[in-house]
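A short worksheet on the structure shown next.
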Amino acid sequence: MFDESIKQTIMHKITHHKALLVAYSGGVDSTVLMHALVALKQQLLPDLKLRAIYIHHGLSSYADNWAMHCQKQCQTWQVPLIIEKVKLDPNAGNIEEQARNARYQAIYRHLKNDETLCTAQHLDDQCETFFLALKRGSGPAGLAAMPQENQQHLRPLLTISRAQIEAYANHHQLNWIEDESNQDDRYDRNFLRLKVLPILNQRWPHFSQMVARSAELCQQQEALINELLLADFQQMVSQQGQLNLAPLMTCSEYKRNAVLRMWLRSQQMTMPSQKQVALIWQTVVLAKEDANPKFILHCRQIRRYQNQLYLLPLYQNIEQQILNWDLALPLILPDSVGELQINYHTDLSCRLPYADEQVTVRFHAQGQFQIINRNGSRSIKKLWQEHNIPPWMRTRIPLIYYNEQLICAVGKFVTEQGKGTQIGFRLVNNGL
């Protein structure tokens with residue numbers, strides 16, 4: 001009975017999917033998912049394309065053996081397997097969160113446009129996820145736990161219990177891996193699984209189903225909120241993803257916070273806590289007009305400029321770097337700023353350097369400069385303001401120097417000292 005129940009559930013969920021990339025760890029959950037999918041492909045869905053991916057975290061001394069086990073199983077099933085190694089830093093905090101983030105980043109690098117990621121989270125996992133969100137003090141978005149399907153991610157076992165999965169595995173005499181770390185109750189999820197939920201399920205046998213129902217209701221509430229906010233939100237966000245702050249100033253605190261969360265979610269950010277949302281508003285949005293505020297959130301920075309919020313990477317300080325350039329080859333700039341290229345054919349805006357002039361690339365200038373086709377000189381700060389360059393980008397725009405003379409800010413302006421039509425400079429893959 002459980003055999004057909006699991007297959008029918010999966011069949012119903014994958015009906016509209018032509019190609020699946022299955023996250024396969026070798027554990028019982030993903031083993032049952034793989035086995036059922038292979039059976040469905042053989043019996044009912046011959047056109048279904050299946051691939052599997054194993055993420056090698058290197059956390060266990062058995063990880064190499066597990067990878068070999070997964071390889072052998074996939075060969076038996078005739079399913080192509082990708083083995084991807086990721087590196088984690090044991091000193092960088094929450095190892096569970098690190099492993100999860102690294103795992104999904106690696107998987108999405110391999111996911112094709114026509115594929116759907118298929119993972120083996122089940123009913124008990126949903127219950128644990130709900131409790132972990134409850135522990136963090138989450139609102140409806142967090143308590144919604146895991147959706148059955150979102151974008152390119154499908155969880156076809158989400159209504160199936162761990163007991164049903166284990167019964168299926170034993171019935172088919174499947175071989176799977178037992179990860180020793182699953183018994184370590186220092187990890188929050190394991191503590192819930194081993195110590196808390198068994199007691200609750202003993203007292204209330206359908207407890208996990210009730211929690212899943214609550215999670216689904218939270219999903220519905222969150223979907224309704226998003227639907228009601230969507231039209232306003234689209235008016236507030238620029239094509240480049242910046243959030244316009246003027247309309248938020250007249251919103252209620254509740255609506256304002258919901259819009260801020262929606263903005264962060266739209267940029268694939270982990271949801272902030274209530275306290276963090278309040279701090280973003282107080283320390284960034286409400287900072288003095290002439291301030292240059294910054295808030296660090298999950299390895300990104302939130303900045304404000306000209307009444308807009310920006311979500312940016314954490315940049316290295318490259319302001320004092322000086323790079324020699326002989327112009328013979330493109331120049332790779334530090335901290336992923338981009339690649340400087342030269343042009344001798346069209347849109348030429350500068351003169352060539354003289355024989356006694358050394359070309360350098362810098363990211364800092366000071367003093368007054370006269371720009372071609374403009375009267376008088378201006379300070380570098382005034383020039384950046386005229387070009388609407390946010391403060392954090394002013395030390396990331398490459399500046400071409402001949403000896404100690406500023407010749408041009410690439411893509412922005414050329415000084416009188418650089419005036420000419422012999423050479424042009426351009427920056428590619430810069431994300432400005």
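Computed over protein heavy atoms with a 1.4 Å probe, the accessible surface of the range 134-196 works out to 58 Å² per residue. Applying a DSSP loop filter and a limit of 15 other Cβ atoms within 10 Å to the trypsin sites (Lys or Arg not before Pro) in the range 361-408 leaves Arg374. Extension gain, Gln78 to Gln274, is 65.7 nm, computed as 0.36 nm per intervening residue step minus the present C-alpha separation. Which pairs in the list Lys13/Lys87; Lys13/Lys255; Lys41/Lys85; Lys294/Lys381; Lys13/Lys195 are over 24 Å apart, alpha-carbon to alpha-carbon? The answer is Lys13/Lys87; Lys13/Lys255; Lys41/Lys85; Lys13/Lys195.
Once the chain from Glu166 to Ala246 is taken as fully extended at 0.36 nm per residue, the excess over their C-alpha distance is 23.3 nm. Spin-label model, His16 to Asn190: label points 7 Å out along the Cα-to-beta-carbon direction sit 3.9 nm apart. With every protein chain in place and a 1.4 angstrom probe, the accessible-area ranking of Thr76, Thr415, Thr395, largest first, reads Thr76, Thr395, Thr415.
Straight-line cross-link partners of Lys72 among the aspartates and glutamates, defined as a Cα under 15 Å from its Cα and at least 8 positions apart when in the same chain: Asp64.
If only the Cβ of Lys and Arg carry +1 and only the Cβ of Asp and Glu carry -1, the dipole of the range 343-432 around its Cα centre is close to 360 debye. Projected label points at Tyr344 and Gln301, each 7 Å from Cα along the beta carbon direction, are separated by 3.9 nanometres. Measuring r between the beta carbons of Arg100 and Asp47 and using R0 = 30 Å, the FRET efficiency lands at 0.40. Annotation: per residue accessible area for the range 281-414 equals 55 Å², rounded to a whole number [probe 1.4 Å, protein chains only]. When all alpha carbon pairs of the chain are counted in 10 Å bins from zero, the resulting P(r) reads 4, 16, 22, 20, 17, 12, 7, 2, 0 %. Of the solvent-accessible surface of the range 265-338, computed with a 1.4 Å probe and all protein chains present, 51% belongs to carbon and sulfur. Full extension of the chain between Gln209 and Glu178 yields a length gain of 8.6 nm, computed as 0.36 nm times the residue separation minus the alpha carbon distance. In whole percent, how big is the carbon plus sulfur part of the accessible area of the range 30-76, probe 1.4 Å, protein atoms only? Within the range 30-76, the accessible surface is 51 percent carbon and sulfur.
In the range 273-432, inverting the average of 1/r over every pair of distinct C-alpha atoms gives 17.3 Å as the Kirkwood radius. The accessible surface of the range 167-220, taken with every protein chain in place and a 1.4 Å probe, is 50 percent carbon and sulfur. In this rough spin-label picture, where each label sits 7 Å from Cα along the Cβ direction, the Asn226-Gln151 distance is 1.0 nm.
Annotation: the range 154-275 has a Kirkwood hydrodynamic radius of 18.6 angstrom, from the mean reciprocal C-alpha pair distance. Given +1 at the Cβ of Lys and Arg, -1 at the Cβ of Asp and Glu and no other charges, the dipole of the range 285-355 around its Cα centre is 340 debye to the nearest 20. Annotation: amide H-H contacts under 5 Å for Tyr305 (H modelled 1.01 Å from N, sequence separation of 5 or more, or interchain): Tyr310. Distances longer than 17 Å among the Cα atoms of the range 382-432: what percent of all pairs is that? So the portion of pairs separated by more than 17 Å is 36 percent. What you get for the chain, charging only the Cβ of Lys and Arg (+1) and of Asp and Glu (-1), is a dipole of about 900 debye around the Cα centre.
The values are calculated or read from the model by the stated rules, or taken from the named source; none is laboratory data. Since the structure is predicted, the reported quantities are computational estimates derived from the model, not experimental observations. Ideal geometry is used to build each Cβ from the backbone, glycine not excepted, and the neighbour counts take in all protein chains shown. Surface accessibility is based on the protein's heavy atoms, side chains included, excluding ligands, DNA and RNA. Shrake-Rupley method; radii C 1.70, N 1.55, O 1.52, S 1.80 Å.
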